[in-house]
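Here the structure is laid out as structure tokens; the discussion comes afterwards.
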Amino acid sequence: MATKVHNQDGWLYDPIYPDASTWPIVKLAHEREAFIKELVALSIENIKEQLGNNPANLKDELARTLYSERIRVSQTPWKADAPDEKEFWSKVKKDMVRINAGHENPHAFGHEDLVQRIVKRYAEEIAGVFDVNAYDFAKRFTTTLFSRLLNASQGKGMARLFETRHNLHDKIHLVGEIDHIRELAKRGTIIVVPTHFSNLDSMLIGWAIQSIGLPPVLYGAGLNLFGIKILAWFMNRLGAYKVDRRKKNMLYLETLKMYSELSLRRGCNGLFFPGGTRSRSGMLEKRLKLGLLGTALQAQRLNFENDGEEAKKIFVVPVTINYNFVLEAQSLIDQHLKISGQEQYYVENDDFSTSTKMIKFIYRFFTASSEIAVRFGTPMDLFGNRLDEEGRSFDPHGNEVDIKKYFFSNGEISKDLQRDAEYTRMLGEEIVKRYHREAVVFSSQVVAFAAFRIIKARYSKMDLYGLMRLPSEDLTIRPKQLMDAVGKLVERLREMYANGEIQLEKEVQEGSIANIVKKGVANLGIYHAKLPLMYNEDKDFQSQDIKVLFFYHNRLEGYGLHKFI
């Protein structure tokens, strides 16, 4: 059983491994040079294997990589890019022309020297470092910063910055199967896979993980975030590895996946957002990026191959991060509506693109009188099986499962990429199911869902974009109509909660409909300049911004709730 300690910042769990020298992430940092060497060698081996060990295929892949990288460098440069990007890719181009013309004697595998150079550059860019002193400082800094901002928002005058009347755990609720996860972390490797709605998520989940006493994790962070000086300073020392969503070429993706696989094989706990980026629609993730999830399967198979019965298991922990309001809701839903159906849309200069904006952003978040829930979901193995506290797997009928046999072919463990891809797809589907089951519903989302559905039903012949263009005066709702709809919705949500199909905040669990509506409207109006829902002069409800109302409504999509109101 975990031990909780109490300090001025609230309840925290004792660390399960107090001695930092035993943390796998620290050992990895000490061996960084050797790790990168191994990473490069294995990445190239994988690339060649996937290309059928055919030099002509490798040459074609190099040409595609060079083409896409030169476009990236010229059309979508980021502040976080290495300063010598243009020179590097120009040199690669010249060397490739020279090799193709036969002016050099290439190695036995033709263009392998260029591949080696590119993969090594990618590996150096991706791989993070970890500094224990920086980690300790970051823990104290973030906790103190969050706590001071929280107290500053609750009083007046400079003295409020140093008050401790409110602690973080009053605002940020850490709930779920924390004791279970702590036990599993002593027996295997943990992968935390959170939902993703806000730029605050990375900082928040990092704070939550250290608050429940887990050792630090390796986590993927968008390369664009390294263009923010303060954030880059911390991330460059705290084990963040860089993920560049602009790079879609095979050489980069295989290097990134191998980095994840190798670090898991070395026992480093991991964290990544399987949705790939923030949810721009406001919906819970429905389709996940499976590339990094697949590396966990490969790491688990190799653990069994190399270590037999002593092999460490890898456990997956779905986490939902639940906000009453999202600061970036306006810009996110604008992007969603503009790019509906398009996957490629990368924004560097948004609400969080400089250190100043980041600080303002965090301040606004803590000065809003609204709560957050970080829910650690039920952990599972890589095949979606239930786990006991010792890490043993059980199928839905309660029978113990030896997951090593999932990798068997003809009685022994074998490499089968097609089979493992199917396992990965199933794991992704299971995580999505868990997200929906573990999501905590706030009153703001209930009210937004009911209000948007009422407006949508009134203009049933309009498409979504027609609705978005309606003037505010056409977006009014009589109080009784909203109360009735919220009442039906809450009745259904409480049934689902009783069946373990969803989680509800206390107000939605037990509160009166009047209080749920009151609290929901208040939380929707905390931050946004144009209110998604408000009381007008006639005491009716009215939306000043139906797009943001749509964003919050979307959080409850996927449960079939529209049939109940």
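The values are calculated or read from the model by the stated rules, or taken from the named source; none is laboratory data. Just so it is clear, the structure is predicted and the values come from calculations on it, not from any experiment. Positions of Cβ are backbone-derived with ideal geometry, glycine not excepted, and every protein chain shown enters the neighbour counts. Heavy atoms of the whole protein, side chains included, go into the accessibility calculation; ligands, DNA and RNA do not. Shrake-Rupley method; radii C 1.70, N 1.55, O 1.52, S 1.80 Å.
Coupling constants for the range 278-287 follow from the phi torsions by the Karplus curve (6.51 cos²θ - 1.76 cosθ + 1.60, θ = phi - 60°), and in residue order they are 4, 5, 7, 8, x, 7, 5, 4, 10, 10 Hz; glycine and proline get x.
Averaged over residues, the count of other Cβ atoms within 10 Å places the peptides 130-140, 206-216 in the sequence 206-216, 130-140, highest first.
Can you compute log10 of I(q)/I(0) for the range 185-312 with the Debye formula, treating each Cα as one identical point scatterer, at q = 0.11, 0.12, 0.17 Å⁻¹? Summing over Cα pairs of the range 185-312 leads to -0.40, -0.48, -0.97. Per residue, the range 399-488 exposes an accessible area of 51 Å² to a 1.4 Å probe, with every protein chain left in place. Over all Cα atoms in the chain, the spread is summed up by Rg and Dmax: 25.1, 83 Å. Sorting the segments 305-316, 328-339 by their residues' average number of neighbouring beta-carbon atoms within 10 angstrom, most packed first, yields 328-339, 305-316. The C-alpha atoms of the chain define a longest principal axis, and helix 112-126 lies at about 30 degrees to it.
Report, in whole Å, the centroid distance computed from the Cα atoms of the range 401-429 and the range 235-263. A separation of 24 Å, based on Cα centres.
How large, in percent, is the carbon and sulfur part of the accessible surface of the chain at a probe radius of 1.4 Å? If you can, show how the numbers build up before the last one.
Working: 12830 of 25390 Å².
Of the solvent-accessible surface of the chain, carbon and sulfur hold 51 percent.
Amide H contacts of V319: V193, T195, G377, each under 5 Å away and 5 or more positions distant or on a separate chain (H built 1.01 Å from N in the peptide plane; Pro and chain starts excluded).
Backbone phi angles across the range 411-425, fed through the Karplus curve with coefficients 6.51, -1.76 and 1.60 (θ = phi - 60°), yield HN-Hα couplings of x, 9, 5, 9, 8, 8, 4, 5, 5, 5, 5, 5, 4, 5, 4 Hz in residue order; Gly and Pro are listed as x. Based on protein heavy atoms only, the range 217-345 ends up with 34 Å² per residue of surface accessible to a 1.4 Å probe. Of all lysines in the structure, the ones whose alpha carbon falls short of 22 Å from that of K59, not counting any fewer than 8 places away in one chain, are K48, K86, K91, K93, K94, K120, K247, K248, K257.
Considering all projection directions equally, how large on average is the shadow of the alpha-carbon convex hull of the range 442-532, in square nanometres?
On the way: hull surface 26.0 nm².
Directional mean of the projected Cα hull area for the range 442-532 stands at 6.5 nm².
Annotation: amide H of G176 within the under-5 Å range of F376, sequence separation 5 or more or interchain, hydrogens built in the peptide plane.
Give me the percent of Cα-Cα pairs in the range 410-481 that sit more than 21 Å apart, rounded to a whole number. Please report the intermediate quantities before stating the final value.
Numbers: 1478 of 2556 pairs.
Roughly 58 percent, rounded to a whole number.
Rank by packing, highest mean first: peptides 385-392, 484-491, 195-202, 79-86, with packing defined as the count of other Cβ atoms within 10 Å averaged across residues. Numbers along the way, then the final one.
Details: 385-392: 15.8, 484-491: 19.5, 195-202: 22.2, 79-86: 13.9.
The densest-packed peptide leads the list: 195-202, 484-491, 385-392, 79-86.
Kirkwood-type hydrodynamic radius, the range 247-341: 15.8 Å, calculated from all non-identical alpha-carbon pairs. So what are the ³J(HN,Hα) numbers for the range 314-320, from phi and the Karplus equation (6.51, -1.76, 1.60; θ = phi - 60°), rounded to whole Hz, Gly and Pro as x? Rounded to whole hertz, the list is 10, 10, 10, 10, x, 10, 10. Taking a straight line from the alpha carbon of K171, these lysines sit under 21 Å away, with near neighbours fewer than eight places off in the same chain left out: K4, K139, K156, K360, K506, K518, K519.
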